[in-house]
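What follows is one structure encoded as structure tokens, with my remarks underneath.
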Amino acid sequence: MRGERLTREDGIRLFQCHDLAWLGALADHVRREKCGDIVYYNVNCHVNLTNICTSHCKFCAFGRDADEKGAYEMTKAQAIAVVEDAMRDPNLAGLHVVSGLHPTWSFEDYLGIVEALHERFPKLYMKGFTGVEITHFAEISGLPVEEVLRQLRDRGGLQAIAGGGAEILSDRVRGELCPNKATADEWLTVARTAHKLG
Ligand code: SF4
């Protein structure tokens, strides 16, 4: 209410509060102070290059095995067609590209599609890939995470990474829910490296 930055203790108290309506009223107050009665949102197009994924996270309704009904993978041309269709909305501002951890695709396969999208739609803001995917790209390419991110930025036009894949950053819980994907430390390493690279 005073417009001050929250302390850690404030954050803990808010987290412990069960009065969602009161928390919502506080959040709405801050929003009104900043933006008045205008609400902003972003029109983006999700491009999910493939849902074939080796990770088998317990909570996932997206991932499939390669031979499972509904499994798919996109070519460059198909990914471009998805965005061309979305371009009918004149407010389209950017792309959000996330996918499964494909058992046989190389890093180059993912990068090549993103590069083709960026070449075809250079004005669209490009956000893509979670810390889980970027950890996976580093593993399959043998490149350090920083180099993977540099290539995605410099060749693929990536301006931001997606926040998914964090779920709960506790390896005990991740071991129960999603033991086959990036650990908490690996996810955080990607986030820190991406921040360092701007
Ligand atoms: S890594 Fe992602 S796509 Fe794959 S099973 Fe887990 S949540 Fe689903």
Residue (of Gln78, Tyr41, Gln151) at the positive-pole extreme of the chain, dipole from beta-carbon charges: Tyr41
Cβ-defined net charge surrounding Tyr110, 12 Å radius [Lys, Arg +1; Asp, Glu -1]: -3
Residues of region 134-198: accessible area per residue with a 1.4 Å probe, Å²: 53
Choice from Asp89, Asp67, Asp28 with maximal GNM fluctuation in the chain (Cα, 10 Å cutoff): Asp28
Carbon plus sulfur fraction of accessible area for region 1-40, probe 1.4 Å, in percent: 57
Rel. contact order, % - alpha carbon contacts under 8 angstrom, at least six apart, region 57-128: 39
D (Stokes-Einstein, µm²/s), Kirkwood Cα radius, the chain, 1.306 mPa s at 10 °C: 84
Cα-based shape type of region 41-116, given that a ≥ b ≥ c are square roots of the gyration tensor eigenvalues and the cut on a/c is 1.5: prolate
Pairs from Lys34/Lys58; Lys123/Lys196; Lys76/Lys196; Lys34/Lys181; Lys69/Lys123 whose Cα-Cα separation, in the structure shown, is over 28 Å: Lys34/Lys58; Lys76/Lys196; Lys34/Lys181; Lys69/Lys123
Fully extended contour minus Cα-Cα distance, from Asn48 to Asp185, at 0.36 nm per residue: 46.8 nm
Sites Glu139 and Asp19 - FRET efficiency at Förster radius 30 Å, r taken between beta-carbons, to 0.05: 0.10
Residue among Lys181, Lys69, Lys34 with the largest mean-square fluctuation in a Gaussian network model of the chain, springs linking Cα atoms under 10 Å: Lys34
Efficiency of FRET from Cβ geometry, Tyr72 and Ser170, R₀ 45 Å, rounded to 0.05: 0.90
Nearest-20 debye value, the chain charge dipole, Cβ charges on Lys, Arg, Asp, Glu: 540
Within the chain, longest stretch clear of exposed GluC sites (Glu not before Pro) (DSSP loop, no more than 15 other Cβ within 10 Å): 69-198
Residues listed by number, region 119-144, amide nitrogen under 15 Å from Arg155 label point at 7 Å toward C-beta: 119, 137-144
For Val97, distant residues with modelled amide H under 5 Å away: Val47, Lys127, Gly128, Phe129
Dipole axis of the chain (+1 Lys, Arg; -1 Asp, Glu on Cβ), positive-most option in Gly175, Gly198, Met87: Gly198
Solvent-accessible ranking of Lys123, Lys196, largest area first, probe 1.4 Å: Lys123, Lys196
Cα gyration tensor shape of region 145-188, rounded if a/c is under 1.5, else prolate or oblate by comparing a/b with b/c: prolate
Mean separation of Cα contacts under 8 Å (6+ apart) over length of region 41-196, as relative contact order %: 25
Per-residue [θ]222 nm for the chain (sum of -39500 (n - 2.57) over DSSP H runs n ≥ 4, rounded to 500): -14000 deg cm²/dmol
Qualifying chymotrypsin sites (Phe, Trp or Tyr not before Pro) for region 1-72 [loop in DSSP, other Cβ within 10 Å: at most 16]: Tyr40, Tyr41, Phe59, Phe62, Tyr72
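The values are calculated or read from the model by the stated rules, or taken from the named source; none is laboratory data. None of these values were measured; they are calculated from a predicted model. Glycine gets a Cβ as well: all are built from the backbone with ideal geometry, and neighbour counts include every protein chain shown. Note: areas computed on protein heavy atoms with side chains; ligands, DNA, RNA excluded. Shrake-Rupley method; radii C 1.70, N 1.55, O 1.52, S 1.80 Å.
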